[in-house]
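Working notes, structure below.
The values are calculated or read from the model by the stated rules, or taken from the named source; none is laboratory data. Model, not experiment: these values are computed from the prediction. We place every Cβ from the backbone using ideal geometry, glycine too, and count neighbours over all the protein chains shown.
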Amino acid sequence: MSKGGNSLSAVKEKAAADMVIRNAAQLITCKADTKDPPGLIENGWLAVKGERIEAVGTQAEVLEAVDCSRAVVLDACGKTVVPGFVDSHTHLVFGGSRVREYVARLTVDNPETIREMGIKTGLPATVEMTRAESEETIFEASARKLKRMLCCGTTTVESKSGYGLDLENELKQLRVSKRLDQVLPVDVVPTFLGAHGWPSEMPKQKYLSLLLQEMIPEVGRLKLAKFCDVWCDEGYYTAAESEKILLAARAAGMEPKIHTDAYSYIGGSDLAADLRMVSADHLNYTPASVMKKLAEAKVPGVLLPGTDFSVNHPKPFNPKPMLESGMTIALATNCNPGNWTESMQFVMMLACRRHRMTPAESLKAATSGGAAALGLDHDRGSLEAGKLADIQIWDTPVYEEVVYRLGGNIVDIVIKRGRVVVENGRLAEQSSR
């Protein structure tokens, strides 16, 4: 009752939407708690205000919640609406190409034979090329890759260093990642991977000291990386060495991730659970007992179908026991010089055909799972009110076609933070930040 005696009913004023997507044949939310299909809404609507989603649901539910009278309207009749892909493991920034090595390995199994052909191989070859190229050249090449990823529906990308293996060139890679994030309409999340290996010009233990005493403190001081990664596997870093590196990184302000169990099981995945890392990646040789530990520690597993395909891996990862243990899993491209994969759609195709994932499992892993593997599931990876308006519209009425149309790109429109950045499968005009 007011002082004047008048009874006033409190009426909440509706938010005014800036954009509405309407009439989607299928709208797939990819919410973490949804089953197969992963949050399917037929004839779905979605309203956006600013950078964020305001409402998701049926036409009646969205119009009830939001004033859509002045909104820009995108008609998705006959199309599918899904979250933007979150690519949680890439080596996007590198110099040169290893195409000759890749082609030779298609028919030649002996690495020594390939070297006798005059072809430099592996990590040392890319380190040499990355050191030799200017920062501007590497930026321009990386930007072209990232634009193609965006056109294929990826709106958030993790980007590792690891091809410098000295302070100057590791910082060069991280600066390129920062610049990509600033100038292109994709969120680029930087990771320091100085422990990708060690340079040919010094022994491992000397480089490990350099990592701990100089490189990690400087990267932390400059705030150029959100995460720190290490390759823990036979022939790379031991679990004990990895722990030293990642604890030093955590003290310097970077949270730990780990490449582990790709070619052997030496305790890296146990370490991931013990340190409650942001993610554990590869996991080809991870025992079922450790999968349970990772699930209990809430450490997502990042799976890389493109890598298993490109290297013809002797033990492809198996997602089923991971899912049965309760793990959150993510799919990622692992775009790198030995596995030049830019399309998350292609990764989903491989995950379903070669690793027996369902389309629903692969879609959730490429969206909400990827967000969880970057610690970003609070604000992206699914279509929910309050989350970033990172959205794809696919030119298909059925979401399963993403794994059926082999080798294609079904993306029609990409929206990043509430702004259309891809139209008709191509970058929109003025698609910089």
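This table checks each residue for (1) modelled with pLDDT of 95 or more; (2) in a loop (DSSP other than H, G, I, E, B).
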residue: ILE21; (1), (2): yes, no
residue: CYS30; (1), (2): yes, yes
residue: ILE41; (1), (2): yes, no
residue: ALA47; (1), (2): yes, no
residue: VAL56; (1), (2): yes, no
residue: GLU61; (1), (2): yes, no
residue: VAL73; (1), (2): yes, no
residue: GLU101; (1), (2): no, no
residue: ASP109; (1), (2): no, yes
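For the stretch 166-201, the set of residues classified as touching a residue at least 24 places away in the same chain (Cβ under 8 Å) and assigned to a loop (DSSP other than H, G, I, E, B) consists of ASP166, LEU184, PRO185, VAL186, HIS196, GLY197, TRP198, PRO199, SER200, listed by residue number.
Examine the stretch 194-202 for a residue that is of a type in the set (Ser, Thr, Tyr) and closer than 13 Å to VAL219 by Cα, and state whether such a residue exists. No, there is no match, as no residue in the stretch 194-202 is of a type in the set (Ser, Thr, Tyr) and closer than 13 Å to VAL219 by Cα. Count of the stretch 371-420 residues, restricted to those that are in a strand (DSSP E or B) and either modelled with pLDDT under 95 or not charged (D, E, K, R) (or both), is 10. From the list GLU342, GLU429, the one residue that fits, being assigned to a loop (DSSP other than H, G, I, E, B), in contact with a Lys or Arg (Cβ under 7 Å, 6 or more places away or on another chain) and over 20 Å from GLY44 (Cβ atoms), is GLU342. Here the condition is being crowded, with 24+ Cβ neighbours inside 10 Å, in a helix (DSSP H, G or I) and in contact with a Leu (Cβ under 7 Å, 6 or more places away or on another chain); of LEU92, LEU146, it holds for LEU146 alone. Note on the stretch 111-126: residues that are assigned to a loop (DSSP other than H, G, I, E, B) and farther than 29 Å from CYS152 by Cβ total 4.
Kindly check whether there is at least one residue in the stretch 146-155 that is at pLDDT 95 or above and out of contact with any strand residue (DSSP E or B) (no Cβ under 8 Å at 6 or more places or on another chain). Yes, there is a match, as at least one residue in the stretch 146-155 is at pLDDT 95 or above and out of contact with any strand residue (DSSP E or B) (no Cβ under 8 Å at 6 or more places or on another chain).
Scanning the stretch 397-419 for residues that are buried (at least 18 other Cβ atoms within 10 Å of the Cβ) and touching a helix residue (DSSP H, G or I) at 6+ places or on another chain (Cβ under 9 Å) yields TYR399, VAL402, VAL403, ILE410, VAL411, VAL414, LYS416. Of the residues making up the stretch 368-379, none is more than 11 Å from the chain's Cα centre (by Cα), among the small types (Gly, Ala, Ser) and closer than 18 Å to THR80 by Cα. Checked against (1) in a helix (DSSP H, G or I); (2) hydroxyl-bearing (Ser, Thr, Tyr); (3) in contact with a Lys or Arg (Cβ under 6 Å, 6 or more places away or on another chain), THR155 passes all but condition (1). Set side by side, the residues ILE41, ILE28 differ, and just one is under 30 Å from THR341 (Cα atoms), in contact with a Leu (Cβ under 7 Å, 6 or more places away or on another chain) and not basic (Lys, Arg), which is ILE28. Inside the stretch 75-88, residues that are over 30 Å from LEU146 (Cβ atoms) and assigned to a loop (DSSP other than H, G, I, E, B) make up a count of 0.
In the set (1) of a type outside the set (Ser, Thr, Tyr); (2) on the phi < 0 side of the Ramachandran plot; (3) surrounded by 14 or more Cβ atoms within 10 Å (Cβ to Cβ), CYS77 fails one condition alone, (3).
Filtering the stretch 46-63 to residues that are over 21 Å from ASP379 (Cβ atoms) and buried (at least 19 other Cβ atoms within 10 Å of the Cβ) leaves only LEU63. When the residues of the stretch 317-376 are filtered to those that are out of contact with any Cys (no Cβ under 7 Å at 6 or more places or on another chain) and among the acidic types (Asp, Glu), which remaining residue is surrounded by the fewest Cβ atoms within 10 Å (Cβ to Cβ)? It comes out as GLU324.
The set of residues in the stretch 96-139 that are farther than 18 Å from LEU174 by Cβ and of a type in the set (Val, Ile, Thr) comprises VAL99, VAL103, THR107, VAL108, THR113, ILE114, ILE119, THR121.
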